[in-house]
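Novice: Pasting a structure here, questions to come.
The values are calculated or read from the model by the stated rules, or taken from the named source; none is laboratory data. Predicted, not measured: the structure shown is a model, and the values here were computed from it. FYI the Cβ positions are ideal-geometry reconstructions off the backbone, even for glycines, and counts take in every protein chain you see. Ligands, DNA and RNA are excluded from the accessible area calculation, which covers all protein heavy atoms including side chains. Shrake-Rupley method; radii C 1.70, N 1.55, O 1.52, S 1.80 Å.
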Amino acid sequence: MSAVPSDEVFEAPATSPLHLVRGSAPGLFWYLTEPTRCALDVGEFVATRAMLRGAPSGDGHPVLVFPGLGAADSSTVMLRRFLSGLGYEVNPWGLGRNIGPTRKAVDGMHALVKKVSDAYGGPVSIVGWSLGGIFAREMARDHPHRVRQVITLGSPYNMSDPVQSRAMPAFSLLSRLHIPKDEFPPLESTRPPIPVPATSVYSKTDGIVSWESCVEEPGPRRENIQVSSSHLGYGFNSSVLWVVADRLAQAEGTWAPFAAPPGMARLYPRAA
């Protein structure tokens, strides 16, 4: 098992609403302004903390949070503290810096899902940022009875061409540390939907991955939610945090599409 898309290129069927122009890269302007916009996302989080205290809270079930490529648990501290404040049993991934699908990471994630699920006596929700979200989806496929739902933040799980991620050069440099290619999963386009509720949060101003690579066909128990965020700022962006809280608050065994609360609809532009 791995949790990264193959670098093989495919084109979605022309009848699909997700039919893309192959090789669509994130905009250069959005890429160059990522650090500045991330700082703005952090500032917005600080300014809206009072509002976020009113975010939906759920039943306190366990939640795992996976970081993105090159990041460690330190990158998800604010997100995890926010969810802990809502009453959830939040667990970091605890596998050091995410350098891709190493044997340690792959085996460690399987063990973590089993350990936390067994410890709390029920399925866990997984929130994954970027590559962490791709990992989260693979955990849901491999452990559908242990995973309650998956929420991905700017995760290019539906990537059709390496150019759609500006992180691919770094990923390639690390590939010698990864599990063999023959253990990588098939392309997302060739597989059925993951067997648990899935929410894909994406931004058209993401400067690291193309937004098209972060979405899938909407359907029963799966949705795509557009926000305005930098890639580096997903874990601090107020509109993203509200979505995560809202999705986690759904009762186990139930699911309904996200609906923006009154007064916040402008934060969630409709997808093209």
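Novice: Report, by residue number, each residue of region 167-186 that is within 18 Å of the chain's Cα centre (by Cα) and farther than 26 Å from V227 by Cβ.
Specialist: P185
Novice: I'd like to check something: does region 249-272 contain any residue that is touching a residue at least 40 places away in the same chain (Cβ under 8 Å), part of a loop (DSSP other than H, G, I, E, B) and open to solvent by less than 20 Å² (accessible area, probe 1.4 Å)?
Specialist: No - not one qualifying residue is present in region 249-272.
Novice: Kindly indicate whether I194 is within 16 Å of I99 (Cβ to Cβ), assigned to a loop (DSSP other than H, G, I, E, B) and either in contact with a Phe, Trp or Tyr (Cβ under 7 Å, 6 or more places away or on another chain) or of a type in the set (A, V, I, L, M) (or both).
Specialist: Spelling it out, it is not the case that I194 is within 16 Å of I99 (Cβ to Cβ), assigned to a loop (DSSP other than H, G, I, E, B) and either in contact with a Phe, Trp or Tyr (Cβ under 7 Å, 6 or more places away or on another chain) or of a type in the set (A, V, I, L, M) (or both).
Novice: Which one is nearest to V77 (Cα to Cα) among residues in region 205-228 that are touching a helix residue (DSSP H, G or I) at 6+ places or on another chain (Cβ under 6 Å) and either hydroxyl-bearing (S, T, Y) or at pLDDT below 95 (or both)?
Specialist: Top of the filtered list is T205.
Novice: Now for a separate question. Can you tell me which residue is farthest from the chain's Cα centre (by Cα) among those in region 198-226 that are open to solvent by 40 Å² or more (accessible area, probe 1.4 Å) and not basic (K, R)?
Specialist: Out of the qualifying residues, it is P220.
Novice: Here's something else I'd like to know. Can A119 be described as within 24 Å of G58 (Cα to Cα), within 15 Å of the chain's Cα centre (by Cα) and either hydroxyl-bearing (S, T, Y) or in a helix (DSSP H, G or I) (or both)?
Specialist: Here the answer is no, as A119 does not meet what is asked.
Novice: Looking only at region 184-197, decide whether some residue is within 17 Å of V150 (Cβ to Cβ), open to solvent by less than 20 Å² (accessible area, probe 1.4 Å), modelled with pLDDT of 90 or more and touching a strand residue (DSSP E or B) at 6+ places or on another chain (Cβ under 6 Å).
Specialist: Yes, region 184-197 has at least one match.
Novice: Right, next: Hey, among the residues in region 50-88 that are polar (S, T, N, Q) and open to solvent by 10 Å² or more (accessible area, probe 1.4 Å), which one's nearest to the chain's Cα centre (by Cα)?
Specialist: Once the filter is applied, the top-ranked residue is S75.
Novice: Sticking with this structure for a sec: Kindly indicate which of R166, R148 is touching a helix residue (DSSP H, G or I) at 6+ places or on another chain (Cβ under 8 Å), crowded, with 16+ Cβ neighbours inside 10 Å and in contact (Cβ under 8 Å) with a residue 60 or more places away in the chain.
Specialist: R166
Novice: Given the conditions (1) in a loop (DSSP other than H, G, I, E, B); (2) open to solvent by less than 20 Å² (accessible area, probe 1.4 Å); (3) farther than 20 Å from D206 by Cα, report the number of the one that V113 does not fulfil.
Specialist: Answer for V113: the failing condition is (1).
Novice: Pull up region 94-105, narrow it to residues that are assigned to a loop (DSSP other than H, G, I, E, B) and open to solvent by less than 10 Å² (accessible area, probe 1.4 Å), then point me to the one that is farthest from D118 (Cα to Cα).
Specialist: Here the residue is G100.
Novice: Among (1) under 15 Å from the mean Cα position of the chain (by Cα); (2) in a helix (DSSP H, G or I); (3) of a type in the set (V, I, T), where does I126 come up short?
Specialist: Tallying (1) under 15 Å from the mean Cα position of the chain (by Cα); (2) in a helix (DSSP H, G or I); (3) of a type in the set (V, I, T), I126 fails exactly one: (2).
Novice: Listed residues P56, P67; which is at pLDDT below 95 and under 30 Å from K115 (Cα atoms)?
Specialist: P56
Novice: Please work out which one of (1) within 20 Å of S24 (Cβ to Cβ); (2) open to solvent by less than 10 Å² (accessible area, probe 1.4 Å) is the condition S238 fails and give its number.
Specialist: In the conditions (1) within 20 Å of S24 (Cβ to Cβ); (2) open to solvent by less than 10 Å² (accessible area, probe 1.4 Å), S238 misses (1) alone.
Novice: Residue check: is S229 assigned to a loop (DSSP other than H, G, I, E, B), open to solvent by less than 30 Å² (accessible area, probe 1.4 Å) and either acidic (D, E) or in contact (Cβ under 8 Å) with a residue 24 or more places away in the chain (or both)?
Specialist: For S229, the condition - assigned to a loop (DSSP other than H, G, I, E, B), open to solvent by less than 30 Å² (accessible area, probe 1.4 Å) and either acidic (D, E) or in contact (Cβ under 8 Å) with a residue 24 or more places away in the chain (or both) - is met.
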